[in-house]
Amino acid sequence: MMKQQPERLLTLLEECKTLAFDLNFTYAKEWKSKSKYRLLVGYLPIYVPREIMHAANALGVGIMGAGDRKQIIKGDAYYQSYICHLPRGVIEMALDNNLDNFDGFLFPSICDCVRNLSGMFKLVKRGKFQRYFDYPQNFEKHIGGTFYRELLETIIKDMFQINDMKITAKHLNDSIALYNINRRLIEKIYDIRKEFPWRLSAVDVYHIIRAGMVINVEKHNEMLEEIVGLLNEDYGEPMDNIRVVISGSFCEQPPIGLIRSIEMAGCYIIDDDFMLGSRWIQGDIDDASQDPLNAIVDAFLTQSAPSSAVYDYGNPKSARLIKKVKDRNADGVIFCAASFCDPALLDQPDLQKACDAAGVAHINFQFHENTGQFKVIKEQTGTFSDSIKLWV
Ligand code: SF4
C-alpha cells in the first residue's frame, strides 16, 4: 500500500497556510508586543535585506497583497484602472487598519506603482517612516555599492530613532548566519522536489515560504528543519506529469487556485519566482566579516537572483532562465504574470525568444491576485502538458 504524507507534515503545512494568509499579521504583532524595543517593518515585493532589521530588533514583514481575501473599495480610488491589482489591495489593507502597529515600510524600486504607493503611505500617515528602497542599477562596487550602502545606513538610522538599538558587527553577523540557514533550507526543499516532486505540492511549498515572510527567522528555521526532515521520508508515488518552471509571478501573487489548477492540469512546478525575495541572494553571505554591512552590499552586487527589477548587463536573465530549466530538468516554462505588470511583461518577449532558441516549450497567461475562474487556464495548461507528453 502506498505510504501517505506524514501526519506531522500535514500539521506543519496547515500552520504555514494559516500564517501565510493572515491579513492582520497576528503572529508578527504578538511578537512585537513582547518588548517595547521590538519593531515591525513592512516591505513590499521583491527583496529587502531582512538581516539589517533582525539585527536592529525589528521583524521584516512581507506584505504580498490582499489576494482574493479583501474586497477593494477605497483602493480603487487611489489608482487608475489600468494597473495591476496589488497596490490597490495594499492601500485597502492600510486604510482598513490591517497594518496598524507597523513602525515603518519599505517600498522596493520595482515599478512606478510601488513607487507611488510609498507616497500614498506618506499621505495616509502609516508608520513612522516610509522609504523608497531604490535598488542600485549599477553593479560597480564604488558606485552602486556605495549608493546601496548609504540606503541601508539610512534605514538603520530610521529604526535606531525609534528603538535606540545600536547594531554591532556581531549582531549583524548573527542575523546573516540565521538567514543563510533559512536560504539553505528553502533551497533544500526545492532540491528534494526536483527529485521527488510528488512528496510536496507547489501549493504547499508556497505556503511554507510565504509563512516565513511574516514570522521571525528563528521560528521559520525550526519549521523548515522539521519539514526537510519529513520530506526525506519515502512516501507517495510519481504521476505522469510534465515538469515546469513558472516565470513572472515575483510581485503580485497568483491566487492559490491558479497554482493548484496548473498542478491539476498535469504539471509539477519544479521552480518558480513566487517568493523571490526569500531566495534573492543565491548562496551564503559572509557571516564572519569585520564589516558585515559590506558583506550584505557585496551579496546584492554579486549574488542577486535574475529579476525584472534590476539591470542585467553581462548576465542576461534569458540565459539564466534557460540554465534554471536545464538544472531543474524541466520540460517547459509557464510565463504567468500579473495583468498590467510592466516589469514582467516587458521582459517576457526576450525570455520567450531565448526559450525558442533553446528548444524549450512555453505558454503564457496573465492573472489578477483575485482572479476566481481558472477553467480556461486549466484547459490551456492541460493542453500544454499533453502536447509535451505526446510530441516532445
Ligand atoms: S505586479 Fe508588477 S506592476 Fe504591479 S506593483 Fe508589482 S511589479 Fe509593479
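The values are calculated or read from the model by the stated rules, or taken from the named source; none is laboratory data. Note that the structure is a prediction, hence the values are computed from the model and not measured. All Cβ positions, even for glycine, are placed from backbone atoms using ideal geometry, and neighbour counts span all protein chains on display.
The table that follows gives values for the structure above.
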read-out: Pairs with Cβ under 9 Å, 6+ apart, first in the range 114-131 and buried (at least 19 other Cβ atoms within 10 Å of the Cβ), second among the acidic types (Asp, Glu); value: 126/100; 127/103; 131/158
read-out: Tally, over the range 116-146, of residues that are within 24 Å of the chain's Cα centre (by Cα), hydrophobic (A, V, I, L, M, F, W, C) and over 30 Å from residue 77 (Cβ atoms); value: 1
read-out: Hits in the range 95-112 - residues which are outside any helix (DSSP H, G or I) and either more than 16 Å from the ligand (Cβ to nearest atom) or touching a Lys or Arg at 6+ places or on another chain (Cβ under 6 Å) (or both); value: 96, 97, 98, 99, 100, 101, 102, 103, 104, 106
read-out: Of residues in the range 308-337 being of a type in the set (A, V, I, L, M) and modelled with pLDDT under 95, the one nearest to the ligand (Cβ to nearest atom); value: 309
read-out: Residue that is nearest to the ligand (Cβ to nearest atom) [pool: residues in the range 354-392 that are among the aliphatic types (A, V, I, L, M) and in a strand (DSSP E or B)]; value: 363
read-out: Residue 374 surrounded by 20 or more Cβ atoms within 10 Å (Cβ to Cβ), out of contact with any Lys or Arg (no Cβ under 6 Å at 6 or more places or on another chain) and under 29 Å from residue 184 (Cβ atoms); value: no
read-out: Top-ranked residue in the range 113-162 [being among the acidic types (Asp, Glu) and not in a helix (DSSP H, G or I); ranked as farthest from the ligand (Cβ to nearest atom)]; value: 140
read-out: Subset tally (residues that are part of a helix (DSSP H, G or I), of a type outside the set (Gly, Ala, Ser) and either within 12 Å of the chain's Cα centre (by Cα) or crowded, with 16+ Cβ neighbours inside 10 Å (or both)) for the range 280-300; value: 6
read-out: Those residues of the range 52-69 which are more than 20 Å from residue 340 (Cα to Cα) and at pLDDT below 95, in sequence order; value: 69
read-out: Boolean, residue 330 is more than 26 Å from residue 176 (Cβ to Cβ) and without any contact (Cβ under 8 Å) to a residue 24 or more places away in the chain; value: no
read-out: Residue match in the range 74-89 (condition: more than 10 Å from the ligand (Cβ to nearest atom), crowded, with 22+ Cβ neighbours inside 10 Å, among the small types (Gly, Ala, Ser) and assigned to a loop (DSSP other than H, G, I, E, B)); value: no
read-out: Selected residue (criterion: farthest from the ligand (Cβ to nearest atom)) from residues of the range 338-353 that are of a type in the set (A, V, I, L, M) and surrounded by fewer than 19 Cβ atoms within 10 Å (Cβ to Cβ); value: 346
read-out: Boolean, residue 277 is small (Gly, Ala, Ser), in contact (Cβ under 8 Å) with a residue 60 or more places away in the chain and assigned to a loop (DSSP other than H, G, I, E, B); value: no
read-out: Count - residues of the range 2-59 that are surrounded by 15 or more Cβ atoms within 10 Å (Cβ to Cβ), part of a helix (DSSP H, G or I) and among the β-branched types (Val, Ile, Thr); value: 1
read-out: Near pairs, Cβ below 6 angstrom, 6+ apart or cross-chain, from the range 245-274 (closer than 21 Å to residue 340 by Cβ) to any residue that is within 16 Å of the ligand (Cβ to nearest atom) and among the aromatic types (Phe, Trp, Tyr); value: 247/335; 248/335; 249/274; 254/367; 258/367; 273/250
